[in-house]
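See below for the structure under consideration.
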Amino acid sequence: MKVYALTGRSGTGKSYKAMDLCRRLKIWAMIDDGLFILNYRVAAGSSAKRAPTKIGATKMALFNDEKMRDEVAAKIKEADPDKLLIIGTSDKMAAKIAQRLGLPEISEYIHIEDISTEEERAIARKQRVSQGKHLIPAPSFQLKKQFSGYFVDPLSIIKGFGPGRASDPEKSVVRPTYSYKGDYIISDKVIADIVRYIAISTPAVADVIKVGAYDSPTGIDVNVYVDMHTGFDVVRAASRLQERCRERIEEMTAFNVDSLNVNINELK
């Protein structure tokens, strides 16, 4: 296995540029902030960007957690890629990650200044400092449990990141916990209002009795109680309502909906 490293200061656009670099060098495996990404999918690990503090994020990125380190190392061994890219804030950090994961010594160090312009790095830095935006080179659907409520935008970027891919790969933009200067709160009433609006626009629904939203380990659980009109396929209508509510909540609030239960109270 040939191991590369892409290094540079935090917030200089390494994760963004890494995707183009990997395409050019035909690298389909990378280590970025605690994640092992293979063929543009998260294969193992936990994102350091979900740590509550910057110090905690650094520890996660360095695989200080033995369980996570062993999980990622085992997955790399199983995948056995011919090339792998490690992203780090310094050459020393990248070398330490390689050592902790039991990888071969890094054979080539690439610095962000080698593959980006000063203007690009300035833009990336501005987004990091003023807006707290961090990019993860993986699709949002794979990360939504780790980042429930903290997504900024899932964006399409380059074509052909992995071999034989027909569609554009995705990157996900998040604001990590430690990037916030205050608490991030969405009132339960907001969730209820979203559900009520969707429900009253559904012909089969006669009335919305109650909406409850509750925290879950990886997002929220929602319970909806409705009265429905007779003359409709109520099971099908309830299933459609469930699907639409889940989609709109996740789209409008960025929360991961672990469960959404539609309960039919009465037929009218």
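The values are calculated or read from the model by the stated rules, or taken from the named source; none is laboratory data. Values in this document were obtained by computation on a predicted structure and should not be read as measured data. Counting neighbours? That spans all protein chains shown, and the Cβs are built from the backbone with ideal geometry, glycine included. Ligands, DNA and RNA are stripped out before the accessible areas are found, and what is left, the full protein with its side chains, is counted by its heavy atoms. Shrake-Rupley method; radii C 1.70, N 1.55, O 1.52, S 1.80 Å.
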Practice prompt. Give the long-range amide H neighbours of His111: residues separated by 5 or more places, or on another chain, with amide H under 5 Å away, using H modelled in the peptide plane at 1.01 Å from N.
Written response: Thr7
Worksheet item: Using the Karplus equation 6.51 cos²θ - 1.76 cosθ + 1.60 (θ = phi - 60°), what ³J(HN,Hα) coupling, rounded to whole Hz, does each residue of the stretch 195-200 give in order, writing x for Gly and Pro?
Response: 5, 4, 4, 5, 5, 6
Discussion item. Just to check I understand the Karplus step: with θ = phi - 60° and J = 6.51 cos²θ - 1.76 cosθ + 1.60, what whole-Hz values come out for the stretch 40-48, glycine and proline as x?
Written reply: 6, 9, 5, 9, 6, x, 10, 5, 5
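Order Thr117, Thr202 by their accessible area, 1.4 angstrom probe, all chains in place, largest first.
Details: Thr117 70, Thr202 20 Å².
Accessible-area ranking of Thr117, Thr202, largest first: Thr117, Thr202.
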Discussion item. Can you compute 3J(HN,Hα) from phi for each residue in the stretch 27-34, using the Karplus curve 6.51 cos²θ - 1.76 cosθ + 1.60 with θ = phi - 60°, rounded to whole Hz and x for Gly and Pro?
Written reply: 9, 10, 9, 8, 10, 9, 6, x
Worksheet item: Taking 0.36 nm per residue of separation and subtracting the Cα-Cα distance, what length does fully extending Asp82 through Asp207 add?
Response: 39.1 nm
Worksheet item: Points 7 angstrom from Cα along the Cβ direction at Val235 and Asp215: gap in nanometres?
Response: 3.7 nm
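Fully extended, how many nm does the chain gain between Thr53 and Tyr225 (0.36 nm per residue separation, minus their Cα-Cα distance)?
On the way: separation 172, 0.36 × 172 = 61.92 nm, distance 3.92 nm.
This chain segment gains 58.0 nm when fully extended.
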Worksheet item: Using r as the Cβ-Cβ distance of Arg248 and Met68, and R0 as 35 Å, what FRET efficiency do you calculate, to the nearest 0.05?
Response: 0.55
